[in-house]
Amino acid sequence: MKKIIVKLLPLLGMAVLLTACPAEEVPHVAEPFRRPMVAVMVDEGFHDGEAYMPIGYLTNQGMDVTVIGPAIGTVEAYNSDFTIRIERAVADVSVNDFDALLLPGGEAPADLSEVPAAVEFAGEFFETGRPVAAICHGPLVLIAAGVMDGLTATCVGGVQDELEAAGATYVDEEVVIDGNLITSRTPPDIPAFSQAFGEAILESFDPDIPRAIPPQPGI
């Protein structure tokens, strides 16, 4: 019996030590900070400055930008040799993937207004109340979506008649904000346009709402 007790003493001592020492705390790993996610809708014939300059501004403000369009691939600007890559097909993303939508001008909006998936996406996104910015010919997509009735907006002069026919009030100003819609006229307005859009995104942004861009097909 004495031998058994002697053999148990080391085990009892170890048990006391283990119970006396507090368990090591597992360090808390903070969730990654979610940044605003902005969709930029383009197609062949986009305006280079009206796409790239706002994209640069938003990126410098710490936002994530995804270029969407009718199909994945590279498209060329109508006014230069600049190109941009469409990263996601508009039919493969959801309005819930993004915090804001940008519609640059150029020749592309006229084509996009004939693409049902693009028109549906723009209309549904506008109805969420999250910021939508359109410059120059960009409002053509929103006109096709039937969401301009009763709004005050601006655009390039050549789209004024279509804007008013859609039920909107046209004003000739650098930046026009009506609810969640930000519109501007032409490239000289881009700095003010980009700033107004960025401010609207930050004002409405909720980092607690999850957004997830689906992977590209085959990846």
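If you go through segment 71-92 and pick out every residue that is farther than 18 Å from Ala212 by Cα and not in a loop (DSSP other than H, G, I, E, B), you end up with 7. Among the residues in segment 35-49, are any at pLDDT 90 or above, hydrophobic (A, V, I, L, M, F, W, C) and part of a helix (DSSP H, G or I)? Checking segment 35-49: not a single residue is at pLDDT 90 or above, hydrophobic (A, V, I, L, M, F, W, C) and part of a helix (DSSP H, G or I). The residues of segment 30-65 that are out of contact with any Pro (no Cβ under 7 Å at 6 or more places or on another chain), among the acidic types (Asp, Glu) and buried (at least 18 other Cβ atoms within 10 Å of the Cβ), listed by number, are Glu44, Asp48.
Here is a yes/no grid of residues against (1) more than 28 Å from Ile84 (Cα to Cα); (2) touching a strand residue (DSSP E or B) at 6+ places or on another chain (Cβ under 8 Å); (3) of a type in the set (A, V, I, L, M, F, W, C):
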{"site": "Ala118", "(1), (2), (3)": "no, yes, yes"}
{"site": "Ala133", "(1), (2), (3)": "no, yes, yes"}
{"site": "Ala153", "(1), (2), (3)": "no, yes, yes"}
{"site": "Val159", "(1), (2), (3)": "no, no, yes"}
{"site": "Pro187", "(1), (2), (3)": "no, no, no"}
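Name the single residue, out of those in segment 180-190 being in contact (Cβ under 8 Å) with a residue 24 or more places away in the chain and in a helix (DSSP H, G or I), that is nearest to Ala100 (Cα to Cα). Ranking the qualifying residues of segment 180-190, first place goes to Ile190.
If you go through segment 96-114 and pick out every residue that is among the aliphatic types (A, V, I, L, M) and either under 16 Å from Leu202 (Cα atoms) or touching a Phe, Trp or Tyr at 6+ places or on another chain (Cβ under 9 Å) (or both), you end up with 4. Considering Asp161, Asp208, the condition of being surrounded by fewer than 15 Cβ atoms within 10 Å (Cβ to Cβ) and assigned to a helix (DSSP H, G or I) is satisfied by Asp161 alone. For Val115, the requirement of being surrounded by fewer than 22 Cβ atoms within 10 Å (Cβ to Cβ), within 17 Å of Val40 (Cα to Cα) and not charged (D, E, K, R) is met. Regarding segment 110-129, can at least one residue be identified that is assigned to a loop (DSSP other than H, G, I, E, B), touching an Asp or Glu at 6+ places or on another chain (Cβ under 7 Å) and at pLDDT 95 or above? Within segment 110-129 (the criterion being assigned to a loop (DSSP other than H, G, I, E, B), touching an Asp or Glu at 6+ places or on another chain (Cβ under 7 Å) and at pLDDT 95 or above), the answer is no, since none of the residues qualifies. Among the residues of segment 173-195, is any surrounded by 15 or more Cβ atoms within 10 Å (Cβ to Cβ), among the aromatic types (Phe, Trp, Tyr), at pLDDT 95 or above and closer than 22 Å to Pro36 by Cβ? Yes, because at least one residue in segment 173-195 is surrounded by 15 or more Cβ atoms within 10 Å (Cβ to Cβ), among the aromatic types (Phe, Trp, Tyr), at pLDDT 95 or above and closer than 22 Å to Pro36 by Cβ.
The values are calculated or read from the model by the stated rules, or taken from the named source; none is laboratory data. None of these values were measured; they are calculated from a predicted model. A quick note on method: Cβ atoms are made from the backbone with ideal geometry, for glycine too, and the neighbour counts reach across all protein chains shown.
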